[in-house]
Amino acid sequence: MHGRCVSVDLSQAGGSRGFEVSAGGLTTAITITGSAQSDSINGGSGADVLNGGEGNDSLDGGDGVDTYTGGDGADQFQFFLAATDLDTGAGVATVTDVVLDFNSVQGDRVQGLYGAATATNYQEAAASVADLATLLAAADTALNGTVRYYLGEVTGGPSYLVTDQDGTGVTQVIQLDNVTLATFQQSDIVA
């Protein structure tokens, strides 16, 4: 498929078990809306929109700048495909994915490239900063090869989970809307 948007809506599907939907072969943008059960939804390589709906869903956007909405339930947002560092020249990097409704209290979790966050591989900013460029500069300093996850917040804006694979630059910049330094915990990153 090329040049089209594909939409899959399972929100009205009945049954007592969730669905597994994978768009791994598609290169165009897709929109997938899950059912009321616990679904496993995998995007393709386009800029996908994944909506888990109700249930404890597993969402993996694949390549592309994807937008995630977990919905009700304890959802797992998966980020596995980053292979190279982003260009952060002039403090600007592309946001690699956006999570619109992360809710730690509800049981939502992030599953990333480097396993569960620990006191050794996770660092959180002490305070919010003025802009994304300042946040990325702090993340680049903190992500030293041992620290793989850095959480920062832009004052009056979203938080960002920044990752790095090799201690140089940044690999992922995941925007977490409606998340603050106070509402995201180290234990929210799981293996």
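The values are calculated or read from the model by the stated rules, or taken from the named source; none is laboratory data. Keep in mind that what you see is a predicted model, and the values were worked out from it rather than measured. These area figures cover heavy atoms from the full protein model, side chains too; ligands, DNA and RNA do not enter into them. Shrake-Rupley method; radii C 1.70, N 1.55, O 1.52, S 1.80 Å.
Using θ = phi - 60° in the Karplus curve 6.51 cos²θ - 1.76 cosθ + 1.60, the 3J(HN,Hα) couplings for segment 177-191 round to 5, 6, 10, 10, 4, 7, 9, 10, 10, 3, 5, 6, 9, 10, 6 Hz; x is entered for Gly and Pro.
Between the amide H of L86 and those of V170, T171, distances stay under 5 Å, these residues lying 5 or more places away or on another chain, with hydrogens modeled in the peptide plane.
Using the 1.4 Å probe convention, the accessible area of segment 125-167 works out to 38 Å² per residue with neighbouring protein chains retained.
Computed from phi, the 3J(HN,Hα) profile of segment 155-170 under the Karplus parametrisation 6.51, -1.76, 1.60 (θ = phi - 60°) reads 4, x, x, x, 9, 9, 9, 10, 10, 8, 9, 9, x, 10, x, 10 Hz, with x in place of Gly and Pro.
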